[in-house]
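Below is one structure, written out as structure tokens; comments come after it.
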Amino acid sequence: RRAGCPDPIEVHGNHLGLHCPRCSLLDRRAAAPEEGFPTCARCGSATKPPVVLFEESLPAGPLDQALRLAQRCDLMLVVGTSLAVYPVASLPGIAAAAGAQLVEINTEPGHLRRLGAIELTGGAAEVLPTLAARALALRS
């Protein structure tokens with residue numbers, strides 16, 4: 001969102017605002033108080049950031065959308081991940097099986113070597129601007 005993508009697929013959620021697990025209120029403008037636990041403005045129950053925590057289920061809609069896109073993409077950039085959390089960690093394999101080229105950008109590459117990924121070693125803040133500049137230069 002901060003980079004300008006109007007509708008990112010947030011499979012694991014984000015840290016913007018507070019969510020009430022009891023009544024499902026989502027307040028994108030709310031922030032956790034400096035002391036104590038945040039409570040829901042509607043029902044008074046405890047709230048949390050709208051992220052998927054351990055042992056919580058992923059929301060079906062965003063996961064299904066990510067799976068569909070992985071099955072039909074031509075290129076997948078896999079940036080800064082250990083690929084240890086499933087089912088999202090399966091997305092590069094799904095894309096590769098459908099014929100997509102994978103590019104792994106990571107400080108510790110090699111997670112996707114078995115799938116024929118191009119490995120770019122470094123942090124996202126270092127590698128992505130260089131990659132984007134080169135891609136844009138090729139278009140000119």
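Annotations
- Note on region 90-120: residues that are small (Gly, Ala, Ser) and modelled with pLDDT under 95 amount to 1.
- The number of residues in region 44-66 that are of a type in the set (A, V, I, L, M, F, W, C) and open to solvent by less than 50 Å² (accessible area, probe 1.4 Å) comes to 5.
- When the residues of region 2-46 are filtered to those that are in contact with a Cys (Cβ under 9 Å, 6 or more places away or on another chain) and among the hydroxyl-bearing types (Ser, Thr, Tyr), the one that is farthest from Ser57 (Cα to Cα) is Thr39.
- Checking each residue in region 23-46 for being within 25 Å of the chain's Cα centre (by Cα) and among the charged types (D, E, K, R) picks out Asp27, Arg28, Arg29.
- Contact map, region 20-38: first residue farther than 17 Å from Val51 by Cβ and open to solvent by less than 60 Å² (accessible area, probe 1.4 Å), second residue assigned to a loop (DSSP other than H, G, I, E, B) and of a type in the set (S, T, N, Q), Cβ cut-off under 8 Å, separation 6 or more or different chains; pairs are Cys23/Ser45.
- Condition check for Arg139: open to solvent by 30 Å² or more (accessible area, probe 1.4 Å), of a type in the set (Lys, Arg), at pLDDT 95 or above and out of contact with any Ser or Thr (no Cβ under 9 Å at 6 or more places or on another chain): no
- Within region 81-94, residues that are closer than 11 Å to Val11 by Cα sit with their Cβ atoms under 8 Å from residues that are assigned to a loop (DSSP other than H, G, I, E, B) and open to solvent by less than 50 Å² (accessible area, probe 1.4 Å), at 6+ positions apart or across chains, in these pairs: Pro87/Leu58; Val88/Val11; Val88/Leu58.
- Scanning region 1-19 for residues that are without any contact (Cβ under 8 Å) to a residue 24 or more places away in the chain, over 22 Å from Asp64 (Cα atoms) and either hydrophobic (A, V, I, L, M, F, W, C) or open to solvent by 70 Å² or more (accessible area, probe 1.4 Å) (or both) turns up Arg2, Ala3.
- Residues in region 47-58 that are touching a residue at least 24 places away in the same chain (Cβ under 8 Å) and more than 13 Å from the chain's Cα centre (by Cα) were compared, and the one that is nearest to Ala98 (Cα to Cα) is Pro50.
- Within region 79-97, being open to solvent by less than 40 Å² (accessible area, probe 1.4 Å) and of a type in the set (A, V, I, L, M) holds for Leu83, Val88, Ala89, Leu91, Ala95, Ala96.
- Number of positions in region 98-131 that are loosely packed, with under 11 Cβ neighbours inside 10 Å, assigned to a helix (DSSP H, G or I) and within 19 Å of the chain's Cα centre (by Cα): 2
The values are calculated or read from the model by the stated rules, or taken from the named source; none is laboratory data. For clarity, every value in this text was computed on a predicted model and none was experimentally measured. Positions of Cβ are backbone-derived with ideal geometry, glycine not excepted, and every protein chain shown enters the neighbour counts. Ligands, DNA and RNA are stripped out before the accessible areas are found, and what is left, the full protein with its side chains, is counted by its heavy atoms. Shrake-Rupley method; radii C 1.70, N 1.55, O 1.52, S 1.80 Å.
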